[in-house]
Structures are given as C-alpha cells and as structure tokens.
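The values are calculated or read from the model by the stated rules, or taken from the named source; none is laboratory data. It should be emphasised that the depicted structure is a prediction, and the values quoted were computed from it without experimental measurement. Cβ atoms come from the backbone with ideal geometry, glycine included; neighbour counts cover every protein chain shown. Calculation scope for accessible area: heavy atoms of the full protein, side chains included, ligands and nucleic acids excluded. Shrake-Rupley method; radii C 1.70, N 1.55, O 1.52, S 1.80 Å.
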Amino acid sequence: MGRHCGLGLGIVVMLGVTGAGFGDGYHRSYFDEALPLGLDRERIAVQMPASGDATALDASLAPFGLSTAGAEPLALTGWTLIETTDGVRRSDASIESLVTALVASRSFAFVSPVFLDERMQPLIMTRDLLIGFESGVGPEMAGALLGALVPGAVLDRDFAGLPGVYRVRTTFADGFDVLALANDLASRADVRFAESDAIVRGRLTIIPNDPMFGQLWGLHQASDADMDAPEAWDVTIGDDAIRVVVMDMGIDQAHPDLHQAPGMDFTGNNTPGGGPFSSCDDHGTAVAGCVSATIDNGLGVVGVAPNCTVTSAKIGVATSFFGLCLGFFDSQPSMLMNALDWSASSGARVTNSSFSYTVSAGVTNAYANARANGVVHFAATGNSGEGTIAYPSSLASVNAIGAMAPTGVKASFSQYGTGIAFCAPGQGIASTDRVGSAGYESGDYVSGLDGTSFASPYAAGVAALVLSVDPSLTPAEVEDILDATCVDVGAAGYDLTYGHGFVNAFNAVTAASSTTPCPGDGDGDGTVGPADLAALLGAWGTADPTWDLNASGDVGPDDLAILLGAW
C-alpha cells in the first residue's frame, strides 16, 4: 500500500518466500480439498501474553539464540514474526523442534510456524478453530462432538450468522497442533469444514503510481469510453437508504466529501466508525470515493452513486516495513465472516471487496449466506495480469470485476478468466484520500491510481443505483440487469477477457426503471393515461390499494396529484 508500493512488494516477496519449502507434506483443508502449504524456514510467529512487551519478548527469545533484531510486528496486536536464522539454513524438522521448544518454555501465549498459502503469502495458525457441521448434526450432537474431539471452549455458536458453524478456542499453544486437529476434523463425515482462524495476509488490489489523470474519465469523457454516469444521474443519483459496505482497511470518518455513515471495526482495535488504525490504512478511503463521493458540493470528486450511503467494515490492518506501506494487510477469516454477517443483518444491499485473500471455507460460506439474505457482492479480479481471477472474486456468490483503461480496453494489469463478470474503470483513477497529510498524497484527494481495487467499487456503485430505482430487486436480478446492459467489448458476447463487457450506469438504471411500475399505472400498460385517471376517479373515497398511491387509507386528492405528476 502507499506510494512506495513498488519497493514494498519486493520486500514482502523476499521475506515471504526465501528459505521456503513447498509440497513437503503440510496441507490445510478447504471443504473436501487438501491445499498444500509451504513452510517458511526463516521465520516463526509468536504471540506474547497480554502483559508482555518488547523487553519481555527479547528475554523470552534469548535462551533459544533468537532476538527481536529484524523482527516484524504483525498489524494484529500481540503478534511478531521472528527470524529463525543467523545465516544457517534451517530444515522443516528444525522448525518443528524450535516451535516445540518455545511452547515448552511457557513464555509465549502461542507459537506458530509461518506457512505459505497457495498465493505464497504468510498463513499463521491461531488457537481458534472455525468448525462447520453438516446439516444433519443438531446442536446437541455438535456440542457432544466438540466436547469429545476438541480440547477447549466454544466461543460462538452459529458464528457469523451461519447455522451449524462454531468458533472454538483450543487449549493448544502450538500452531502445528492446531493445523493437525483442523485437518483431522475436516476429514470426518459429519464435519463440513474445519480450519484455523488463521492470521492471513490479504493483498490490496491497487497499483499506485504517479498521477496520470486529474479527471474522472470513468464517469464521463469525450470518447464516451465511460459508464455514462451523468446520463444515469438524470434518472437517479442514488437513494440514501441503499447502503454499500466497503470491506477494507477503514474509511476516513472525517472526510468532507464522502456520503457515508459510521461503520464497524472487526479487527479488535475499536476504531470509531471503522476508520483507519495504522498509518498505512489508506486504501478504503480511496475505494469509498468511487462509490459515493458527494455530488454538487463544490469539493473534489464525485462517486458513481453519490447519494447512496457508503459504510466501512474494517476487516484488516495494513502492513508496513520500516515505515513503508507494503500493499498488504493482516486479517483473520473470522473478521471477514463477521463483517459479511453484519452487512446482511444491518440491511446493507451491496458489499465491495477490493482485495485478494487466502481461500477459507468459513469465508466462502459467509459470502453465500449474505447473498442469500439479499446482499449483492463485488470483488476485484486482481492485478497480476494473469488469466485467472483471485479469491474471493472467484466465488460463485461474488461478481468478479476487471479494470478498464481510459482508451476503452482492458487495463494490462487486470486479471481475467473463468468467472469474470464484467469490467469497470480502473486505471488513472482520481478519488478521495485520507484528509490532510495522511494517505497517499498530501491533501484530501489522490489521482493517478491504477487497480481493479477501483473497478470493483465503481461496479458496486452502479448496483447501488439500480437498487435505488427498484429496491425490491434480488441479488440475482441486479446481476442480470448489470450483465445484460454492459457495453460489449472484445469478442462478441460474453468472453473471458471482458466478461459481459464494460458496465454502463445509464443502461442499467434505465433497465431497472422499466421493471418498476410507474405510480398511477394501475392497468400495467407501461404508461399513465386517461384510462388510469378514470379508474382512480371511480375508486374515489375507497381504500382500493391499486389507487391509494400514498397508502393513506383512502383514494383522494393526494393520489390524484401523484397520478397527474406521472402523466
């Protein structure tokens, strides 16, 4: 993250992969699939007791020839990555022995190896397990199985609003033990999934660079390679009641140019409204501006759905290295699961996920559950330029959004492939920034941003406009409208490069309007005319619901005024 992202990525690759073993027999379970894990032989993760500090950590490490020199504090409080070598290459067996010895010292709350997931990003076990039982396993049986199979205590039942999903705190202090137990549980016929609520490293799908464009070309430009936002705003600028949840690193709660409501912090840091926590938590504010930066207020930029409400769900903390923002964040699946459950239960209609994440059965279920409860999801495909799309955009319950360049073609960095839904503006983007000297640039705005991180919220904003026109639409109906109204780009029809094409806000809201009966069109012929007037007058003074347009209890002058206004 941040304007130093190019340097930061190199550092992370060096720290995450050097000395790693892959395919050495370690794996984790994702439903019925065994996903291989690498082992970072040059780092381990330790969690200090709540009373511990840096001095205590050094004293606890010293007997093992380790120190905090070169250590990397994780963005999640209490955790530190410790270098295990002084130039000597360690083996898997020596890492296992080291973890065992550190646990036996009883100086640490928890010790875990640093595994590498399928993206070659760190995956660190914690003592907590997420366990989902099959539908035939009732609460009594589940409780008995947990009591017999899992040493520890149940923290939550039906966790994150998912029936039959339990969060359990084990008594283990060794990450190898937690992984082994999770895999054993996942192999049982009565368990749908089991996994550690691991610390994962998400990647923000942004490629910051020097400013490229100072204009919002994705909304409107002379070549018309845009989303036709001004035309859409003639239909609606959005409904304040339609809420878009930006699941990210937090949104600056003090920004003067965002149409937002306070959100939630799911990382445990309790930042007010789900605002930024670390100096590198910049990403969410820029993402939010694409959705609902305020219109006609004489300030900066405008979002595609300026009168809809954006809300923060903080699901991670951005990482840094010697003050440089790296473009990654530390998180746990439980944080994202809770955010998705909160989105659905609080009445949000749209979520945006501008990041890639390690695959998690719990997270997969949470996206599907929120969609089943009326929430439509959008996520960035990723920025590697490869012909596959990143998780969670790869999920069937999520719309995968690629990035368009101002020239009307796919941005070169945008990932594509099986599962892509469509594309939206994602190169040379201007948006809101954290106020003052915080953020990507000095000031309240940032320009020249590249990334599918910005294509996804633009798509989410168009969905919010559609729902503003017709809030009764289901997620599937919203998706059908967006897909059908895209401007076809590339090969004719749906293709794996552009999906359904370039999202178009005007086409989408026009299509949504055509499905919404006009007030006073009682005969449903698509227009309000003399026949409707005659029928309303015929129902005068009654409680006929067809013509009681203001739901006052009887048909009268107010209803006549509504009909004439729609004539």
Only helices (runs of 4 or more DSSP H) wholly contained in region 473-567 count here; list those with 3 or more residues that are modelled with pLDDT under 95 and surrounded by fewer than 13 Cβ atoms within 10 Å (Cβ to Cβ). 530-538, 557-565
What are the pairs with Cβ atoms under 8 angstrom where one residue, in region 415-427, is free of Cβ contacts under 8 Å to residues at least 12 places away in the same chain and the other, located anywhere, is open to solvent by 10 Å² or more (accessible area, probe 1.4 Å) and small (Gly, Ala, Ser)? Sequence gap at least six, or different chains. none
Identify all residues within region 360-416 that are of a type in the set (Val, Ile, Thr) and not in a helix (DSSP H, G or I); write none if there are none. Val375, Val376, Thr381, Thr388, Ile389, Val398, Ile401, Thr407, Val409
Across (1) part of a strand (DSSP E or B); (2) within 30 Å of Ile389 (Cα to Cα); (3) open to solvent by 20 Å² or more (accessible area, probe 1.4 Å); (4) in contact with a helix residue (DSSP H, G or I) (Cβ under 7 Å, 6 or more places away or on another chain), Arg203 clears everything bar (4)
Does Val244 meet the test of being open to solvent by less than 30 Å² (accessible area, probe 1.4 Å) and closer than 30 Å to Ala45 by Cβ? no
Residue check: is Gly298 in contact with a Pro (Cβ under 7 Å, 6 or more places away or on another chain) and either surrounded by fewer than 24 Cβ atoms within 10 Å (Cβ to Cβ) or touching a residue at least 40 places away in the same chain (Cβ under 8 Å) (or both)? no
Filter region 103-128 for residues that are within 30 Å of Ser356 (Cβ to Cβ) and β-branched (Val, Ile, Thr); the one that is surrounded by the most Cβ atoms within 10 Å (Cβ to Cβ) is Ile124
For the subset of region 53-67 comprising residues that are outside any helix (DSSP H, G or I) and open to solvent by 60 Å² or more (accessible area, probe 1.4 Å), which member is farthest from Thr84 (Cα to Cα)? Asp53
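Okay, residues lined up against (1) of a type in the set (Val, Ile, Thr); (2) under 23 Å from Pro333 (Cβ atoms); (3) out of contact with any helix residue (DSSP H, G or I) (no Cβ under 6 Å at 6 or more places or on another chain):
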{"position": "Ala254", "(1), (2), (3)": "no, no, yes"}
{"position": "His259", "(1), (2), (3)": "no, no, no"}
{"position": "Pro276", "(1), (2), (3)": "no, yes, yes"}
{"position": "Asp281", "(1), (2), (3)": "no, yes, yes"}
{"position": "Gly298", "(1), (2), (3)": "no, no, yes"}
{"position": "Gly303", "(1), (2), (3)": "no, no, no"}
Single unsatisfied condition, Ser453 versus (1) open to solvent by 40 Å² or more (accessible area, probe 1.4 Å); (2) of a type in the set (Ser, Thr, Tyr); (3) part of a helix (DSSP H, G or I): (1)
Does Leu324 qualify as being of a type outside the set (S, T, N, Q), more than 17 Å from the chain's Cα centre (by Cα) and within 30 Å of Asp197 (Cβ to Cβ)? yes
For region 172-187, give me the residue count where each residue is over 11 Å from Val150 (Cα atoms) and in contact (Cβ under 8 Å) with a residue 40 or more places away in the chain. 8
Any residue at all in region 154-167 that's in a strand (DSSP E or B), touching a residue at least 24 places away in the same chain (Cβ under 8 Å) and more than 12 Å from Leu130 (Cα to Cα)? no
Within region 103-126, the residues that are in contact with a Gly (Cβ under 7 Å, 6 or more places away or on another chain) and over 16 Å from Asp177 (Cβ atoms) are Leu116, Met120, Gln121, Pro122
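Could you tell me whether Ser468 is within 15 Å of His283 (Cβ to Cβ), of a type in the set (S, T, N, Q) and either open to solvent by 10 Å² or more (accessible area, probe 1.4 Å) or part of a strand (DSSP E or B) (or both)?
No.
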Could you tell me whether any residue of region 33-43 is at pLDDT 50 or above and either closer than 20 Å to Ser105 by Cβ or in a loop (DSSP other than H, G, I, E, B) (or both)? yes
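Between Thr100, Thr85, Thr80, which is of a type in the set (Ser, Thr, Tyr), in a strand (DSSP E or B) and open to solvent by 10 Å² or more (accessible area, probe 1.4 Å)? Outline the logic, then answer.
Working: Thr100 fails: in a strand (DSSP E or B); Thr85 fails: in a strand (DSSP E or B).
Going through Thr100, Thr85, Thr80 in turn, the sole match is Thr80.
Of all the residues that make up region 160-213, how many are of a type in the set (Gly, Ala, Ser) and either modelled with pLDDT under 95 or within 24 Å of Phe329 (Cβ to Cβ) (or both)? Explain how you work it out, then say what you get.
Residues of region 160-213 of a type in the set (Gly, Ala, Ser): 160-161, 164, 173, 175, 180, 182, 186-187, 189, 194, 196, 198, 202.
Next, from what is left, pick out any that are either modelled with pLDDT under 95 or within 24 Å of Phe329 (Cβ to Cβ) (or both): 160-161, 175, 182, 196, 198, 202.
Total meeting the criteria: 7.
Can you tell which of Ser393, Ser384, Ser343 is under 12 Å from the mean Cα position of the chain (by Cα) and farther than 14 Å from Ala160 by Cα?
The match here is Ser393.
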